[in-house]
Amino acid sequence: MARPFHLGWFLQGSSVQAWGEPWTGAIGRDWMVPELFCDMARALERACFDYILIEDSSYVGESYGGSREIYLRNGLSVPRQDPSVIATLMAAQTKRIGIVPTLSTFAYPPYLLARLVATLDQISSGRIGWNMVTGSSDVAAMNYGLPGMPEHDLRYDMADEYMAAVNGLWDSWEPGAIQADTESGMLVDHTKVHPAPFEGRWYKTRGPLNSGPCPQGRPVIAQAGGSPRGRQFASLHADTIVASVKGTAAMRAYREDVRARAAAQGRDPDSIKVLFLVNPILGDTREEAELRKRQKLARAEAHVPRLLAHFGKTTNIDFSKYDLDTPVDQLDLHTNGHQQSLDDFKRVAGKRSLRQAMMAYRGIPGSVDLLGTPDEVAGQMAEAMEEVGGDGFLMSLPDVSRRAVAEIADGLVPALQARGLTRRAYGHAQFRDNLLEF
Ligand SMILES: Cc1cc2nc3c(=O)[nH]c(=O)nc-3n(C[C@H](O)[C@H](O)[C@H](O)COP(=O)(O)O)c2cc1C
């Protein structure tokens, strides 16, 4: 029997993800009270997912044509709610699933972040992760009074320092510090709570943390940086990595690279779970799934500028200035934003035109194509994992609706479980223990 793999959901923010798509009810009116995402958390917990990651950015896109119109008109990552609030609601409605809000280091002083995440870990009984991002947009930086984002590799140097500061704060409470001894009257043993003085080039803090400790010791750290410097960072700090690369050969190479970097930095490579973004297209029959794929592609083709605007938001590139029929290899594309995503796009593009390249890259997003009945897709996922070596998948459906969630949680997952590919029950109470279970 194959080794089981992990499942997560990469939720593209607490935002109206499926505006204009079928089966979305009154999403344009209901989104402020995020019942959809709370229902989703419960459904994915029934399906024994490891975690839901709530992606985030804290600005309204404006890179496409220097205008906010395409983003606002079509709900592209806006309106977008604060992920720590949504994580709190999700945690309150669940018992086992891991919840991973994205919090950006440029926006939170280390103490504020360490305290917020420790509080979330406490109220969820040890089920919180932190998607550790540095931010990549100058517009976001300006929202916080900064002139712009530091240069790409420098951001990771700063992030290494940031990790040292927050790890010190989380470690400021030794295990056993909380005595809660009614006989002696001692709540906390003060000899087990220490300051965490930190003074680096960019960050400074003192400690100890007044929230008390994380039940997990430290939260689960998720990371998505894919450039060489990003991978170096992730392989040192992350418990789980969000990987966005196309094709099983690139997936395998990515995972092996991260594992080798982890080992070289003295970590057990098995303590990092690399999960790959996928977007399965399911049907009751293969024909129905193929029909749905054609429908999705036709919708994407009608909205290539939207796909480009979305991609331009994370790469800070104004794609509106290029003719859609220009071959991508004739464009001079660079970014101080998501470098690995841009490299992957160029690799997928080859000699294709901008329109064709975007369709190939994001028409149906995902690391591998998954299409068919639940049982067929389960088989395709098993095959991909066999070729890649591990460790699992992150659903990244761009059109989150209750129907889309049910298809995965109540359609695909039982087929995976029937093949012994994913868990039928959580083995542990805390997030990291479940993540490291296999
Ligand atoms: C799949 C994926 C998801 C990401 N999610 C976020 C996010 O939610 N918020 C954010 O600020 N950055 C996010 N990032 C950006 C990364 O954390 C990183 O800053 C960016 O990829 C640039 O790093 P790189 O050039 O090393 O890839 C994401 C990147 C990828 C590839």
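A few points about this structure:
- Restricting attention to the range 141-159, the residues that are over 10 Å from Ala107 (Cβ atoms), not small (Gly, Ala, Ser) and not in a loop (DSSP other than H, G, I, E, B) total 8.
Every residue, every condition in (1) outside any loop (DSSP other than H, G, I, E, B); (2) among the acidic types (Asp, Glu); (3) within 16 Å of the ligand (Cβ to nearest atom), yes or no:
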position	(1), (2), (3)
Ser184	no, no, no
Leu187	yes, no, no
Pro208	no, no, no
Gln232	yes, no, yes
Asp270	yes, yes, no
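- Of the candidates Thr88, Thr24, Thr94, the single residue that is open to solvent by 40 Å² or more (accessible area, probe 1.4 Å), away from the ligand (no atom under 16 Å from the Cβ) and of a type in the set (S, T, N, Q) is Thr88.
- Against the criterion of being in a helix (DSSP H, G or I) and out of contact with any Leu (no Cβ under 9 Å at 6 or more places or on another chain), Glu256 qualifies.
- Test: residue in the range 294-314 that is at positive phi and more than 18 Å from the chain's Cα centre (by Cα): no
- With respect to (1) within 21 Å of the chain's Cα centre (by Cα); (2) at pLDDT 95 or above; (3) within 14 Å of the ligand (Cβ to nearest atom), the lone exception for Leu120 is condition (3).
- Selected residue (only one of Val60, Val33 is closer than 20 Å to Gly337 by Cα and part of a loop (DSSP other than H, G, I, E, B)): Val60
- Residues in the range 123-141 that are among the β-branched types (Val, Ile, Thr) and near the ligand (Cβ under 8 Å from one of its atoms): Val133, Thr134.
- Residue that is surrounded by the fewest Cβ atoms within 10 Å (Cβ to Cβ), among those in the range 149-189 that are under 30 Å from Ser341 (Cβ atoms) and among the hydroxyl-bearing types (Ser, Thr, Tyr): Tyr156
- Condition met for Ser57 (open to solvent by less than 50 Å² (accessible area, probe 1.4 Å), over 28 Å from Gly411 (Cβ atoms) and touching a residue at least 24 places away in the same chain (Cβ under 8 Å)): yes
- Filter pass, His310 being of a type outside the set (Asp, Glu), open to solvent by less than 70 Å² (accessible area, probe 1.4 Å), within 13 Å of the ligand (Cβ to nearest atom) and within 30 Å of Ala141 (Cβ to Cβ): yes
- Every residue from the range 218-241 that is open to solvent by 10 Å² or more (accessible area, probe 1.4 Å), closer than 26 Å to His334 by Cα and among the hydrophobic types (A, V, I, L, M, F, W, C): Ala224
- For the range 71-83, filtered to residues that are surrounded by fewer than 22 Cβ atoms within 10 Å (Cβ to Cβ) and touching a helix residue (DSSP H, G or I) at 6+ places or on another chain (Cβ under 6 Å), the residue that is nearest to Pro34 (Cα to Cα) is Val78.
- Boolean, Gly226 is part of a helix (DSSP H, G or I), at negative phi, within 16 Å of the ligand (Cβ to nearest atom) and in contact (Cβ under 8 Å) with a residue 24 or more places away in the chain: no
- Scope the range 335-379; condition assigned to a loop (DSSP other than H, G, I, E, B), surrounded by 20 or more Cβ atoms within 10 Å (Cβ to Cβ) and not hydroxyl-bearing (Ser, Thr, Tyr); matching residues: Gly337, His338, Gly366, Val368, Leu370
- Residues located in the range 268-291, provided they are open to solvent by less than 50 Å² (accessible area, probe 1.4 Å) and among the basic types (Lys, Arg): Lys273
- Among the conditions (1) in contact with a strand residue (DSSP E or B) (Cβ under 8 Å, 6 or more places away or on another chain); (2) surrounded by fewer than 20 Cβ atoms within 10 Å (Cβ to Cβ); (3) not in a strand (DSSP E or B), Arg201 misses just one, which is (1).
- Single condition Val78 does not satisfy, out of (1) part of a loop (DSSP other than H, G, I, E, B); (2) without any contact (Cβ under 8 Å) to a residue 12 or more places away in the chain: (2)
- Residue in the range 401-416 that is touching a Leu at 6+ places or on another chain (Cβ under 9 Å), within 16 Å of the ligand (Cβ to nearest atom) and touching a residue at least 24 places away in the same chain (Cβ under 8 Å) present: no
- Figure legend. Inter-residue proximity from the range 311-324: first residues free of Cβ contacts under 8 Å to residues at least 12 places away in the same chain, second residues open to solvent by less than 10 Å² (accessible area, probe 1.4 Å) and acidic (Asp, Glu), beta-carbon distance below 9 Å, spacing 6+ or different chains. No pairs are indicated.
The values are calculated or read from the model by the stated rules, or taken from the named source; none is laboratory data. None of the values given here were measured: they were computed from a predicted structure. Counting neighbours? That spans all protein chains shown, and the Cβs are built from the backbone with ideal geometry, glycine included. These area figures cover heavy atoms from the full protein model, side chains too; ligands, DNA and RNA do not enter into them. Shrake-Rupley method; radii C 1.70, N 1.55, O 1.52, S 1.80 Å.
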